[in-house]
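Derivation of every value follows stated rules applied to the coordinates shown; laboratory data play no part. Since this is a predicted model, take the numbers as computed values, not measurements. Using ideal geometry, Cβ is built from the backbone for each residue, glycine included, and neighbour counts are taken over all protein chains shown.
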Amino acid sequence: MAIDWQKLAEKYHQDYVADLTTLVGIDSSRDDSKATDDYPLGPGPAKALLAFLDLAKRDGFKTTNLDNLVGYVEYGEGDDTLAILGHADTMPGGKGWHTDPFTLTKKDGKLYGRGTSDDKGPALAAYYGLKMLKDEGIIPKIKIRFIIGTDEESDWTGMNHYLDLEPAPTLGFSPDAEFPLINGEKGNVTFTSHFSGSNGGTVSLRDFEAGLRENMVPRDAEATVVGSKPEQLIADFTTFLTKVPVTGEAEQVADGVHLQVIGKAAHGMEPKNGINAGTFLATFLNQYDFGGDAADFLGLLANSLHDDSRATKLGIAYTDEVMGDLTMNVGVMTFKADEGGLINTNFRYPTGTGAADIKAGLEKAEAEMAVTLKQGREMVPHYVDPADPIVATLMDVYRQQTGDLTAQPEVVGGGTYGRLMKRGVAFGALFPGTQDTMHQADEFQPEADLLKAMAIYGQAIYELTK
């Protein structure tokens, strides 16, 4: 069947933008403080899921909602299933935006808003790819399920719930990364170091706060120090800011000095793309006479974790020829005097190393500290052979649509739903050369790129199910 997929996608341009406006308008970040029986992850993720399903009902698809945690759109029949796995949840809006993160804003050919790149924009483009097939009367030879998760940015609660209730898909892709295609994803594990919250030096750390999520480089950090000479501390901080790639402010308060630092947010899979405000602030404070847990908290950040995305100081740096480097992101740092503190470190690791090696490195760095180290969820490395038909087919579609005949599949540090399937990959929608703003302020995706992705997804779904 000869179809001009890009011409067909253009017919849906305005409808796509209208639907994306609706989706971006929902703050769908997880908020456990607002969790209820109806909204187990808080209202946002469930409302975004319901909005996705409402679009599909409007378009005549069969839909299923599994407890407001995950849902799917179904088209076609058969014993095998092609799964398209997207997610409706996003990171929190965060600070530093020049537009409202929850209002889709067009500017200079770009669509701004939280989720335009990760993952509402790409997931909706894939949905429209499926819609094009239905509207053209194309009946697939296997069942297609477009599955929408609600917790990809945290614990994958929704997709795990799906796999508890439904058969695992045969093969599929996730529109939640970049083109041309991701056929390998590093392992992913998080560790949290817990502190009791004591002080004991001539200066005290009353509080310290940085970071929103384990998989996001912290843009903002703040702390309150008491017991110091305020004028000298502020002067030292002013000098410090002239030597480092962050900005900040210091203010004398009733019982001490309040410090703020602004760095640059980025996706935690490549911390070098961001500037960690939290570890920079800890590095500044570490020069003073703190004691107890406060000294351990600041010392661990400054001496073992700061500005070291490859974990060289921990002695666990590792590189695999196919999957690349182990990376470390220090995602969340909190401390409250007499209450406690934590440091959250997220690692993306290639084949050849793993959680046991990472844990050993952290334990060595913390050996002289009163710290409790806990391991969180782990996902082992995932790899699909480039010769597999799903890789070959999707790469062929991408090359046809873009004319880039030299494009090759890649391995990344990001973790997508594609890894849930033995023959699962990530496929778009960020094009080579386009700025990656996932998890950052002013997140955007070029409007033309999203329409091009829609055309690619339409042909890809057709070729995989004909």
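Most simply put, the range 156-314 has about 100% antiparallel DSSP beta bridges, counting only bridges with both residues inside it. Between Thr393 and Val253, residue separation times 0.36 nm minus the direct Cα-Cα distance comes to 44.2 nm. Is the C-alpha gyration tensor of the range 217-259 telling us rounded, prolate or oblate? Criteria: a/c under 1.5 is rounded; beyond that, a/b larger than b/c is prolate, otherwise oblate. Because a/c hits 1.5 or more and a/b fails to exceed b/c, the range 217-259 counts as oblate. When the P(r) is computed for the range 79-137, the part past 13 Å accounts for 68% of the Cα-Cα pairs. Taken along the Cα-to-beta-carbon direction at a fixed 7 Å, the label points for Asn160 and Thr319 span 3.5 nm. Where both bridge residues fall in the chain, DSSP classifies roughly 80% of the beta bridges as antiparallel. Across the range 297-308, coupling constants 3J(HN,Hα) worked out from phi with the 6.51/-1.76/1.60 Karplus curve, θ = phi - 60°, read 4, 5, x, 4, 5, 6, 8, 10, 10, 5, 6, 8 Hz, and Gly and Pro carry x. Legend: translational diffusion of the range 17-130 by Stokes-Einstein, Rh = Kirkwood radius over C-alpha pairs, 25 °C, 0.890 mPa s; D = 165 µm²/s. Of the trypsin sites (Lys or Arg not before Pro) found in the range 186-250, the ones in coil according to DSSP and having at most 11 other Cβ atoms within 10 Å of their Cβ are Lys243. Computed from the C-beta positions of Asp38 and Thr239 and an R0 of 45 Å, the FRET efficiency is 0.25 to the nearest 0.05.
For the range 49-93 versus the range 96-155, the spacing of their alpha-carbon centroids is 11 Å.
Let a ≥ b ≥ c be the square roots of the eigenvalues of the Cα gyration tensor of the range 253-361; is it rounded (a/c under 1.5), or, if not, prolate (a/b larger than b/c) or oblate? Cα axes put the range 253-361 in the prolate bin. Given their separation in residues at 0.36 nm each and the Cα-Cα distance between them, Glu136 and Thr64 gain 23.6 nm when the chain is fully extended. Two numbers describe the Cα atoms of the range 30-84: Rg and Dmax, which are 13.2, 42 Å. Reported value for the range 197-307: 91 Å³ per residue, from the convex hull of its C-alpha atoms. Here is the P(r) of the range 188-379: all C-alpha pair distances, binned every 10 Å from 0, give 10, 39, 34, 14, 3, 0 in whole percents. Modelled spin-label separation between Asp15 and Thr103, with each label point placed 7 Å from Cα along the Cα-to-Cβ direction: 2.8 nm. When only alpha carbons of the chain are considered, Rg and Dmax amount to 23.3, 77 Å. Listed by chain and number, the lysines whose alpha-carbon sits under 22 Å from that of Lys336, ignoring those within fewer than 8 places in the same chain, are Lys229, Lys374. Counting only lysines at least 8 places from Lys110 when in the same chain, those with an alpha carbon closer than 16 Å to its own are Lys120, Lys452.
Taking the centroid of alpha carbons for each part, the range 231-298 and the range 165-186 are 39 Å apart. Eigenvalues of the alpha-carbon gyration tensor of the range 127-277, scaled by 5 and square-rooted, set the equivalent ellipsoid semi-axes at 49, 18, 13 angstrom, largest first. Which of rounded, prolate, oblate describes the range 184-243, given a ≥ b ≥ c as roots of the alpha-carbon gyration tensor eigenvalues and a/c under 1.5 marking rounded, otherwise prolate only if a/b is larger than b/c? Note, shape of the range 184-243 comes out oblate.
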